[in-house]
Amino acid sequence: MPTNSPSAAPQKPHDTTPDSNSNLKRSLKRFDITAMAVAAVISFDTIGQIATGGGEAATWTAAIALFFLLPYALLFAETGAAFPQEGGPYVWVKLALGRPAAALTTLFYWVTNPIWLGGSLVFLAAETWDGFVFHLGSGTFADYTFKLLFVWIAILTAIVSLSRGKWITTAGAAVKVLSLALFTITAILYGAEHGFQGLSQAHFAPTTAGFLALVPILLFAYVGFEAPNAAGEEMHDPQRDVPAALGRSATIAAACYLLPVLALLAVVPANKVTGIGGFMEGVRLVFGVYGPAAGPLLTTTAVMFVFALLTQGSAWMIVSDRMQAMAAADGGFFSRALGAFHPKLGTPVRTNLLSGAVATVFMLAAMQLVKGDTGAIFSVVLTVAVTTLLLSYLLVVPALVVLRVRRPEVPRPYRVPFGNRGFMACAVLVYAWILVGSWSALFPGVLESVFGIDYDFMAVWGVSRTTFETFTLGTIVVLLLVGTAGLATARRSTGRGAGADASVRGPWEVPGRGRPRRPR
């Protein structure tokens with residue numbers, strides 16, 4: 001996504017938060033930003049889940065890439081280049097809507113990731129390791145040990161300095177793309193030899209039922225390209241690099257979802273695709289073309305798969321922990337101490353450790369909630385992560401619009417085509433998708449009933465609606481209570497409301513006043 005106007009000079013680190021960013025070092029170049037976005041956005045745990053939708057899953061994957069991913073990438077490319085402060089979306093929402101809205105939005109955005117790490121990612125990794133590498137069992141000492149190690153290795157890779165940690169996520173991005181490419185090519189070879197049997201059962205015509213079932217997971221799969229902006233002041237030249245990196249990573253992500261889903265559906269009958277094991281089961285099937293080498297290749301691919309999942313969690317911990325740390329340092333979440341960046345590592349170690357604790361607690365709770373039913377745990381936990389992340393965009397997207405309207409003087413090295421009309425059209429389209437996805441994730445089956453579509457809740461989720469809603473809505477209520485308590489505690493500790501507005505400001509604002517001024 002090339003820029004279409006001259007870039008402003010790179011902005012130097014500035015006092016966006018008290019004592020939080022004095023230890024930041026510029027270590028992210030365009031390639032690093034692209035790799036981090038690829039590592040974070042391409043979700044191995046969603047490919048099998050998407051493919052369960054059958055042939056129309058490929059249709060909706062392509063449609064949502066065109067009508068959601070493209071306008072979404074345009075919006076965040078412009079905003080990320082114009083407002084490259086550390087903390088990314090936290091700063092954008094605060095400048096547009098105020099600190100309370102920013103703090104609650106950031107909490108929802110951040111908590112998605114330890115929930116996801118301690119939920120679907122770790123369960124999928126354990127299931128893969130158990131089935132293809134080394135037997136772990138369910139609820140055994142080995143099972144618990146593997147899951148705890150997975151969570152805390154991901155956290156430790158987020159704790160190390162970004163100049164080193166970026167290579168871990170880059171390796172994960174490379175392994176992820178390589179694995180998906182290898183599977184797609186092998187599936188073509190398998191189909192050429194044995195026939196594309198899955199295609200005979202696939203129905204590519206889009207349906208309302210298929211749309212409502214797939215839209216939350218597809219939106220969850222495609223969002224996150226703004227994530228590298230959480231480390232905005234650790235980029236060498238965000239004004240130039242963010243738009244270009246987003247364009248590249250969005251293209252790679254769209255291909256890495258659509259092609260493997262098509263390949264999976266081509267060789268595996270739709271009624272045999274499962275959310276938790278669909279991708280690796282497809283790998284097991286197609287690798288038969290390699291004869292005696294199939295076993296070692298399958299094991300190697302499984303290890304690569306688990307490594308990619310690990311670095312996927314790491315990438316999200318790196319960016320979301322920085323957002324939450326900036327919120328804390330700005331007086332928006334309990335104690336400013338949570339926002340401290342380590343003087344040598346340049347990472348928010350305390351927030352990283354908090355994420356590890358939340359992921360661990362959630363993992364242990366999930367293992368007990370649905371006894372022995374790994375598939376049900378996977379679906380429900382993933383839905384919780386989908387819900388909290390999508391809900392955060394209900395304020396992030398309006399904040400982008402407010403910044404576009406109220407701060408026209410801020411240099412925008414990249415602009416959405418067709419000016420304000422183009423920007424507003426993209427924002428309305430993206431927001432409509434987010435609204436539908438959020439409702440469908442929170443209340444599955446409701447829109448189906450409106451359209452007269454049969455929906456067997458127990459058959460779909462493996463738990464009753466009461467259990468499901470208790471898990472999802474209960475999580476939302478707890479987060480709102482925690483966020484409110486965090487704001488109230490921070491207000492008492494600062495002794496000056498929610499903190500001075502100047503504590504997060506851009507170079508275009510007058511220190512201490514928070515008013516925009518024209519750049520020279």
Checklist entry - What share of all Cα pairs of the stretch 70-114, in percent, falls into each consecutive 10 Å distance bin? => result 27, 49, 24
Item to check | Solvent-accessible surface (1.4 angstrom probe) belonging to Thr207, in square angstrom, nearest 10 | outcome: 60 Å²
Checklist entry - In the full protein assembly as shown, how much of Tyr109 is accessible to a 1.4 Å probe, in Å² to the nearest 10? => result 0 Å²
Item to check | Label-point separation in nm, Val446 to Thr207, each point 7 Å along Cα→Cβ | outcome: 2.3 nm
Checklist entry - With Cβ to Cβ distances under 13 Å as the rule, what net charge do the other residues near Ala174 carry (K, R +1; D, E -1)? => result +1
Checklist entry - Just the accessible area for Thr300, please: 1.4 Å probe, Å², rounded to the nearest 10? => result 70 Å²
Checklist entry - Which distance in nm do the two modelled labels at Phe418 and Tyr455 give, with both placed 7 Å along the Cα-to-Cβ direction? => result 3.2 nm
Checklist entry - According to the square roots a ≥ b ≥ c of the eigenvalues of the Cα gyration tensor, what is the shape class of the stretch 304-446, taking rounded for a/c under 1.5, prolate for a/b larger than b/c otherwise, and oblate for the remainder? => result oblate
Checklist entry - Using the Cα atoms of the stretch 67-185 to build a convex hull, what is its mean projected area in square nanometres? => result 10.8 nm²
Next on the checklist: Report the Rg/Rh value for the stretch 210-321, based on alpha-carbon coordinates and the Kirkwood definition of Rh.
Outcome noted: 1.04
Checklist entry - Over the stretch 140-274, how many percent of alpha carbon pairs lie in each 5 Å bin up to the one with the longest distance? => result 2, 7, 11, 15, 16, 15, 13, 10, 7, 3, 0
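The values are calculated or read from the model by the stated rules, or taken from the named source; none is laboratory data. As the structure is a prediction and not an experimental result, all values here were calculated from the model. So basically every Cβ, Gly included, is an ideal-geometry build from the backbone, and we count neighbours across all protein chains shown. Just so you know, the surface numbers come from the protein's heavy atoms only, side chains and all, with ligands and any DNA or RNA stripped out. Shrake-Rupley method; radii C 1.70, N 1.55, O 1.52, S 1.80 Å.
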